[in-house]
Structures are given as C-alpha cells and as structure tokens.
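Enquirer: The structure follows.
The values are calculated or read from the model by the stated rules, or taken from the named source; none is laboratory data. Worth saying up front: this structure is predicted, and the values here are computed from it rather than measured. Cβ atoms come from the backbone with ideal geometry, glycine included; neighbour counts cover every protein chain shown.
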Amino acid sequence: MTEKQAHVVLFALIFFLILSAAISLMIGPFGWTSPFGSMDSAHGRGIFQYRLCRVILTIAAGSSLAASGASLQALFRNPLADPHLFGISGGAALGAALVIGFLSEQGVIMPSAGAMVGGLIAFLLVFFYMQTAKGEGLGHCLLVGVLINSIAAALITLFKTILPAHKTQSLLFWLVGNISVVPLHSLMLIIPLWLMGMTILWLIKGELEILSFGVEESRLLGINASRMIKIVIFANCILIGNVVAFAGMIGFLGLVVPHLVRLTVNHNLRIVLPMAAVSGAILLVLFDCVGRLSFFFLKSEIPTGALSALFLSPLLFFLLIERVPHD
C-alpha cells in the first residue's frame, strides 16, 4: 500500500473511531438509549458524563497500548515485542496489589496511585541499570524488565493466597484489566500523561524509524542512539504506567495491533504509529461495548482485558502460523 493510500485508510479509521465512540455513548445497563435526548434532567446528565468519561479512558488506554507496542517493536526490531516490557506493568500491578491488600477502603483512586508509584519505581530501576551498564545493549534492559515482572508476579501470587476472599476478588478484577470510571481529578491527571507520552512518540517517530534499522546504522546517520532509547523507554513508561493505573493489565492489544497494521498497510513507522494508535482505540472501544452488552445476558460486565485476550490471542496465533514458511 502506498503512503497516500495509507493516509486515506488512516482518515477512514479516525472516522470509524468517532462513530464507535458515539455508539458507545448510547450503550449501557439501561439499554440502547441516547443520553443527548435527556440532558435537561440530572439523571440524563449523569448517564452522559459517566459514559463520556468511560469512552475517553477507553480511547486513551487503547491508543497508548497500541502506540507503545509499535514503538517497542521498532526499537527491538521484533514484531512480537510487547508493551508490558521493562517491568513497568509488573511494578504498577504490584503497587495496586499492595494498596488493595493493605488498605481497608481503597476506592478507585488509591489503587491507581499505588500503580503509578509502582510503575515509577520499576522505571527508575531500569533507568539506573541503563546508566550503570553502558554498552550492554537493549537485550539486557529487557532481561531486567523480565526480572522485575517475575518478582512482581511472585509477590502478587503470594498476596492472593493470604488475602481475604473479597480483597482477592478485587485484586483479580484489577489484574484482568477493565475500564473503570475514575473521579474527575484523576481524569485531569490521566489525560495529560496520555497526551505527553503520545506526543513524545509522535515527535521522535522519524528518528525511531531510523533506529529500527539498527543501533550502529543509526549512529552512522547522526542519531544519538543511547539518548533515543532512553526517550522511547521513558515515553513507554508514561503510557503503560498510566494505563495500568486506571485500567489494570490489558494484554495482547499492544502486541497484535501494530503487528497487524504492519502486515496489512505499511512498514513505515511514521504510518504504523498513528494508524496503530487509532486502531487500538477502536478495538478497545468495541470491546468495551461488548462488555457492557454482556450485562443483559450475564447480569455482569465481562472485563475488557478478558475480551481483549479472548479475541486477539487467536488472531495472534493465526498471524504466527501465516508467517511460518510452507514447503
């Protein structure tokens, strides 16, 4: 697909995202209703504000995960690189688990704050390693991230065995990943962090495209590879820590969406990055709609993270099978 055709597809995806968001505003436990028609009542305004906040959070989470996956796959030159690298998601999940486990009344904001602190600590550990182990390459940073995630997973498993049943259920719901509406003051923190991380990746997408050819090659072209790697990791820490803080562990979206865009549209990161971000937002909005519609059949909403894994993991398996050479 040519670059001009890819831009046409991108504009079509943006239109479909707007359409999906509008449909999402009409779906909820009260049925297929239009909140715009009852804005004159307090009840109607409440429904509209709740759904609008949820749609904004869903778009932020989906675009963050997909853009993060696109940038990391370019950085590692590996189409199967996952956004939940460098231990950020593990540290954030552990922070939320500590808050849920040891505070009697946590609400939504306290686990979010714990997740942000845990993700920040994990980032500082990775950054400290990068500063002290110069020249070791990205693979060693990835190894540190795997180590952090493993330690976090072990501690979370320990918490699940010793916590009371009601707290274990709350912790499991967080770890599965789900979009929960947060207070307005939390939303005012989430949106700037989301915009900051996305803006950083957008501004460096050209240099990151060059870096995807290799560290030595990018240095020959005048790119400060070490500085670029730190910027990419910092932007991903902002995006992933932010998502885990308010939505928990939503998997497979950041892994599958950039890979699918690259296979079907274009390999140029300057096209893949925005298209993956928009596609990720669309998918998560649709998954959120399906989760809300499941309330009518199950009397409970299916977590968004579970739907993401249920639909995208078979797609990833199919893509991997297609990549295997056949005789």
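Enquirer: Tell me whether region 131-153 contains one or more residues that are at positive phi and in contact with a helix residue (DSSP H, G or I) (Cβ under 7 Å, 6 or more places away or on another chain).
Expert: no
Enquirer: Going residue by residue through region 153-165, is there one that turns out to be outside any helix (DSSP H, G or I) and either touching a Cys at 6+ places or on another chain (Cβ under 8 Å) or surrounded by fewer than 14 Cβ atoms within 10 Å (Cβ to Cβ) (or both)?
Expert: Yes; the residues of region 153-165 include at least one that is outside any helix (DSSP H, G or I) and either touching a Cys at 6+ places or on another chain (Cβ under 8 Å) or surrounded by fewer than 14 Cβ atoms within 10 Å (Cβ to Cβ) (or both).
Enquirer: If you take the residues of region 166-212 that are surrounded by fewer than 16 Cβ atoms within 10 Å (Cβ to Cβ) and touching a Lys or Arg at 6+ places or on another chain (Cβ under 9 Å), which of them is farthest from Ala247 (Cα to Cα)?
Expert: Step by step, filter region 166-212, then rank; the result is Gly206.
Enquirer: Looking only at helices (runs of 4 or more DSSP H) that fall completely inside region 223-327, which ones have 2 or more residues that are modelled with pLDDT of 85 or more and among the β-branched types (Val, Ile, Thr)? Break it down into steps so the answer makes sense when it comes.
Expert: Working: elements: 225-247, 253-264, 269-293, 295-298, 304-323.
Answer list for region 223-327: 225-247, 253-264, 269-293.
Enquirer: Residues that are modelled with pLDDT of 80 or more, farther than 29 Å from Asn149 by Cα and not hydroxyl-bearing (Ser, Thr, Tyr): which helices (runs of 4 or more DSSP H) entirely in region 21-134 hold 2 or more of them?
Expert: 42-76
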